[in-house]
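Here is the structure we will look at, set down as C-alpha cells.
Taken together, the values in this text are just the output of simple stated rules run on the coordinates, not laboratory data. None of these values were measured; they are calculated from a predicted model. Note that each Cβ is placed from the backbone with ideal geometry, even for glycine, and that neighbours are counted across all protein chains shown.
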There are 2 protein chains.
Amino acid sequence: MRADIITIGDEILIGQITDTNSAYIARELNAAGIRIRRKFSIGDQKEAIIAALDESIGKTDAILFTGGLGPTNDDITKHTLNSYFASRLVRHQPTFDMLAAWFESRNRSFEPVNQSQADVPEVCTVMLNKLGTAPGMIFEKDGTFIFCMPGVPYEMEGLMQSGVLPFLRQKFALPPLAHHTVLTVGIPESTLMMQIKQWEDALPAGVKLAYLPSYGAVKLRLTAWEPGAYSEEELCQIARPLYGILGDAIFGTGDKTMEEVVFDLLRERGRRVSFAESCTGGFLAHRLTAIAGSSAVFNGSVVTYSYDAKTRELQVPAAVLEQHGAVSEPVVIQMAGAVKEKFDAHYGVATSGIAGPDGGTPDKPVGTVWIAVSSAEGTVARRFHFPGNRERNIRLTCLNAYNMLRRKILSES
Amino acid sequence: MRADIITIGDEILIGQITDTNSAYIARELNAAGIRIRRKFSIGDQKEAIIAALDESIGKTDAILFTGGLGPTNDDITKHTLNSYFASRLVRHQPTFDMLAAWFESRNRSFEPVNQSQADVPEVCTVMLNKLGTAPGMIFEKDGTFIFCMPGVPYEMEGLMQSGVLPFLRQKFALPPLAHHTVLTVGIPESTLMMQIKQWEDALPAGVKLAYLPSYGAVKLRLTAWEPGAYSEEELCQIARPLYGILGDAIFGTGDKTMEEVVFDLLRERGRRVSFAESCTGGFLAHRLTAIAGSSAVFNGSVVTYSYDAKTRELQVPAAVLEQHGAVSEPVVIQMAGAVKEKFDAHYGVATSGIAGPDGGTPDKPVGTVWIAVSSAEGTVARRFHFPGNRERNIRLTCLNAYNMLRRKILSES
C-alpha cells in the first residue's frame, strides 16, 4: 500500500513555518506498514489543490491532506474539495453539538463563522475532531482514499490516531515494513562508511542501509524493503556485527535520542544528574526535562552565564576565572563538582564555551568548549572545537556532554 | 519567476527527520522575490528523481534539489543527474585540492571514496562547497535551471548564499515580493478573525492576508501578491489600524520570536532577567541564551525541580510547599522574587506547573501552570490551564511567561 502526503499552506511555501506535520504522518504510516510515494506542499490556491488531486488520485491508495481547514478566509481546502467532488455542504450534527458545548463551557458566543465549521461535504465520511473546531473528512475516488485533516499539529495527531489509522487498518491488510536503526556518535559519515564497508557489502538483497547524519551523530538505518521479507528481529541480528566494529560509538538503537538513552541509564541505576551550564544556557536541563518522568533522575540545575554567577553559585574562585578564563578546564571541573553537591546528585555535568558568533579570540576561537562530568569516583574533562554557528555549537555541546555522561555511567556500573 | 523545491531522502519519507531545508530555501527565495510553485520530497530512488525532473523541467524557472550527495552508497543524486543529462563524471580540481588540504590538515587519509566526491558531471557548473565535501551543481534544460545541494543544513545554507542566490540574481531581474507580518498573542484564530473582519474586508485587491497560528500565538501575514504592487512600507501602513483594534495583543512584527522581542526590550533599557524554572525545566533560559548577545541581559538562572531544590535555592518555605503544593501562587511568587536577588537581575520570572502526562490531580489537572514575574515595583502572578501534551504545555508556558514579562517591562517604562 502506498500513500501521498500533501500539506497545504502559503506559510509552508514561503518558509514561515517548518512542515513538521508531514514528518509525523510519514512516521505513523511507515510504522503501520504503508510506504510513502511522495510528499508535497502547495499553496492555499484552488488550482494547486485540484492539480494535486488530479496527479495523485488513481495512482496511490491514499492521499493525506493537512491544512486549510480553519474558519478564516484563507482556508479554502473544504470548499475546494466540496466542489471537486460536486457535493454540497451539510451540517454535521455531532460536530455542531460538540462545538456548541465547547463555546458554552468557555462563556464565548457561538458565532456563525464557528458554526459553519460543522458544515461538511455531503459525500464525505466525517472524522470527529475532539481537539479542535474543524472536523476531519474522508473521500473516495477511483480506488484512492482522500483524508483531510487540520494543520494544527496536535489536532492532526489526534485525528491520525482516532480516525485515519483505524480506517486504513480496517480497509487494508497492512504488513509492517521492518526497520532497525543503530545510533552512533562521534564518527564522521565517510569514516563510518569505510569502517563498516565489508559488513555493508555483505548485506542480503532486500535489506537497504541508510546513513542519517545530524549534529555529530549518524543513524544507521536498515530497512527490509519488501514488506514481510525480514522481521525487525532478523534486522537486529543482521546489525549485530556492527557492535564489534564500532564498539562504544554505538549509543543505542531505534528512535531514541541521546538524552533518552542517558535517562534510561540513570533511572535503571537510581542515580540523579545536575547541570552547571554556561554556553548551553539551559539546553541540557531542557532536553532532560522534556522527557516525561525526568523528576526521578533530576532535582535541579543552574545556568551561570557571568563570572559572578559562577563564583557565587558554584564557588569558582575569582582568581581561577581571571587566570584561565571561564572557558577552561579548572573552571568546568569546579562547576561540575559544585553542582553535583548543590543538588544532591550523583553526577554533575558542566559546560563552558564560546557559542558565537562573537566572543572568540585567536587562542579560543568560536566553537571552543570545555565539558566536565563529575561523580564520587572522579571527574573527566575534555576540550572540543566545534565548527558551527551558535545553534549548532549549543546542540553539539549538548550531544557530547550527554555522551561523556553516558560513558562515565557505563564505566562505573 | 517561479521555483520548485525537491528534497531527496528516504529519511524524510519515513519521517525520521523533519525537512527543515525546504523551509530555509523557501524563505530565502521569497525574500529574493521568487515564488515557490511547490515543494516535494521523494525517496532515494533513481526513478523518483527522474520522474520529478520530468514533471518540473520546462514548467518552472528553477528547481532546487537537496540531499543524496554524500559519499555513501545510498547517495544517488549525482549519478542519477549524470545519466539524466547524458554526461560523464570529470574531476573538479578546485574541489579536489580543497578536500586534499582538508584531510591533510586533520591528519586523515584522503581515501578514494572521499576523492570521488570531487567528480562531477561534465555538463554542470560547479558551486564550490567550502563547508563540506560534496560540491554544489547547476544544470540547465529547456529554460529551467537545476540546482543541486547537499542535505546537511549548514552546507546547503552556505551554497544558497555563495552560489544559488548570486546566480539567480544575475540571470533574472527579481522584484521583491512584499510581506508584512504582525505578531499577536493570546487571541484564538476565530476570535481574531471576527475582531478584524471589517479591516480585512476592506483590504485592497492584490493584498492577501494569512492567519498563521502556532502555540498560543497567531501571526497575521500580509502579502502583496503581485510583485511590486505594494512595498513593505505600504503594507505596514495598511496594517496600522490593527494596533487600534488589537492593542496589547500585538507583540511585534516581522519574523521575530516573543523571546527576541523581550530581549530587545531588556537590552534597550539596560535591564537583566533571571528565571526560576520548575515545569519549564530550563526552556526559558535556553530560549533567551539561544539569542546572540544574550549575556547583556542575563547573568544566570536556576531550575528547581524538587521541593528541596525550591527550598534550598529559592528559600521557598517547606511549610508553604506542604500547604499549597509546588504548583501554587505563593510558591511562584517566592521563586520569582528570590531568583531576581540571587542573580542580581531587575526581573525574576518563575514557572511551576504540571506539564504531564502524569502528575495531575482533580484539583490541579495536567496543564495547570502558575507563572510569576517580579520586579522592584512588585510581582504579578497568574494561573493558566493549558490543553496540551508535555511539549505543548512547556512551550505555552514559555510563551506566556515571556509575554507576562513583556507586559511588565512595558508597564514600567
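Restricting to bridges with both residues inside chain A, how much of the DSSP beta-bridge set is antiparallel, in percent to the nearest 5?
Antiparallel: roughly 65 percent of the beta bridges in chain A.
Calculate, in nm to one decimal, what A:Q93 and A:R169 gain on full extension: separation in residues at 0.36 nm each, minus their alpha carbon distance.
Result for the pair: 24.7 nm of gain on full extension.
First measure r as the distance between the Cβ atoms of A:Q315 and B:T20, then evaluate 1/(1 + (r/R0)^6) with R0 = 30 Å and state the FRET efficiency to the nearest 0.05.
0.15
Tell me the distances, shortest first, between A:T125 and the same position across the other copies, using label points 7 Å along Cα→Cβ, in nm to one decimal.
Ordered by increasing distance: 5.3 nm.
What is the calculated FRET efficiency for A:Q323 to B:A205, with r their C-beta to C-beta distance and R₀ = 60 Å, to the nearest 0.05? Walk me through the numbers on the way to the answer.
On the way: r = 68 Å, r/R0 = 1.13.
It comes out at approximately 0.30.
If a/c stays under 1.5 just call it rounded; otherwise compare a/b with b/c (prolate if a/b is bigger, oblate if not). Do that for the stretch A:303-413, with a ≥ b ≥ c from the square roots of the Cα gyration tensor eigenvalues.
It comes out oblate by the Cα gyration axes.
Sorted from shortest, what are the nm distances separating the label point of A:E341 from equivalent points in the other copies, each placed 7 Å from Cα along Cα to C-beta?
2.3
Kirkwood Rh, Cα Rg: Rg to Rh for the stretch B:26-136?
That ratio is 1.00, to two decimals.
For each of A:M194, B:M137, A:M335, A:M258, count neighbouring Cβ atoms within 10 Å of the residue's Cβ, then give the residues from fewest to most. Present the calculation step by step, with values, prior to reporting the outcome.
Numbers: A:M194 16, B:M137 26, A:M335 30, A:M258 23.
The order, fewest Cβ neighbours first, is A:M194, A:M258, B:M137, A:M335.
Between A:I50 and B:K141, with labels modelled 7 Å along Cα→Cβ, what's the label distance in nm to one decimal, could you check?
3.0 nm
Using alpha carbons only, how many degrees (0 to 90, rounded to 10) separate the axis of helix B:46-56 from the longest principal axis of chain B?
Tilt relative to chain B: about 90 degrees.
Suppose only helical runs count, i.e. DSSP H with n ≥ 4. What mean residue ellipticity at 222 nm does that imply for chain A under -39500 (n - 2.57) per run, divided by all residues and rounded to the nearest 500 deg cm²/dmol?
-11000 deg cm²/dmol
Hey, fewest Cβ within 10 Å first, where do B:I371, A:I187 land in order?
Ordered by Cβ neighbours within 10 Å, fewest first: A:I187, B:I371.
By count of other Cβ within 10 Å, fewest leading, how are B:V90, B:V303, A:V182 ordered?
B:V90, A:V182, B:V303
What translational D, rounded to a whole number of µm²/s, comes out for the protein assembly as shown from Stokes-Einstein when the hydrodynamic radius is the Kirkwood one over Cα pairs, at 4 °C and 1.567 mPa s?
45 µm²/s
I want to check the label-to-label distance for A:S83 and B:H79. Put each point 7 Å from Cα in the C-beta direction and report it in nm to one decimal.
In this crude spin-label approximation the distance works out to 4.8 nm.
Can you tell me the relative contact order of the stretch B:2-171? Whole percent, Cα pairs under 8 Å, sequence separation 6 or more.
23 percent
Checking the a/c ratio against 1.5 first, then a/b against b/c, what shape does the Cα gyration tensor give for the stretch B:175-241?
Because a/c hits 1.5 or more and a/b exceeds b/c, the stretch B:175-241 counts as prolate.
Which distances in nm, rounded to one decimal and ordered from shortest, link the label point of B:N389 to the equivalent label points in the other identical copies, with labels set 7 Å from Cα toward Cβ?
Ordered by increasing distance: 2.8 nm.
Rounded, prolate or oblate, given the Cα gyration tensor of chain A, with a/c below 1.5 counting as rounded?
The shape class here is prolate.
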